[in-house]
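**Student:** Below you'll find the structure I mean.
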Amino acid sequence: MANKILIPTPLRAYAGKQDIVEAEGGTVGELLANMTAKYADLRNHLYTEEGKLRSFVNIYVNDDDIRYLEKEQTPIKPGDTVSIIPSVAGGGRA
């Protein structure tokens, strides 16, 4: 069964302009690998050249940050929703 992956606005251009895509996998890593196989342009925005998830890319399974679970080995169950949330920085004092 495919799981929903929520795509943030800045990355939608690399995912067929969709806000939600579907992919299959038993873990977050498998799910992301299957998604980036379909939407290859996303790979450069999510992973470093060494194949590591970029530090400014946060992945959530339902409401849980995978950094506090099993990272990319976090299991995915049918019906789970995965969210890609890029870090936001910047701003300043007015």
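**Student:** Would you mention how many residues in the range 1-11 are assigned to a loop (DSSP other than H, G, I, E, B) and without any contact (Cβ under 8 Å) to a residue 60 or more places away in the chain?
**Tutor:** 1
**Student:** Residue check, G25 against (1) assigned to a strand (DSSP E or B); (2) over 23 Å from V88 (Cα atoms), all met but one. Which one?
**Tutor:** Of the numbered conditions (1) assigned to a strand (DSSP E or B); (2) over 23 Å from V88 (Cα atoms), the odd one out for G25 is (1).
**Student:** Would you check if there is a residue in the range 36-43 being touching a residue at least 24 places away in the same chain (Cβ under 8 Å), in contact with a strand residue (DSSP E or B) (Cβ under 8 Å, 6 or more places away or on another chain) and hydroxyl-bearing (S, T, Y)?
**Tutor:** Yes, the range 36-43 contains at least one residue that is touching a residue at least 24 places away in the same chain (Cβ under 8 Å), in contact with a strand residue (DSSP E or B) (Cβ under 8 Å, 6 or more places away or on another chain) and hydroxyl-bearing (S, T, Y).
**Student:** Moving on. Looking at T81, T48, T74, which one is surrounded by 10 or more Cβ atoms within 10 Å (Cβ to Cβ) and farther than 20 Å from P10 by Cα?
**Tutor:** T74
**Student:** Name the single residue, out of those in the range 12-35 being in contact (Cβ under 8 Å) with a residue 40 or more places away in the chain and surrounded by 19 or more Cβ atoms within 10 Å (Cβ to Cβ), that is nearest to K71 (Cα to Cα).
**Tutor:** V28
Here, each number is a calculation from the coordinates, and none is a lab measurement. Just so you know, these numbers come straight off a predicted model, no measurement behind them. Backbone-built Cβ (ideal geometry, glycine too); neighbour counts: all protein chains shown.
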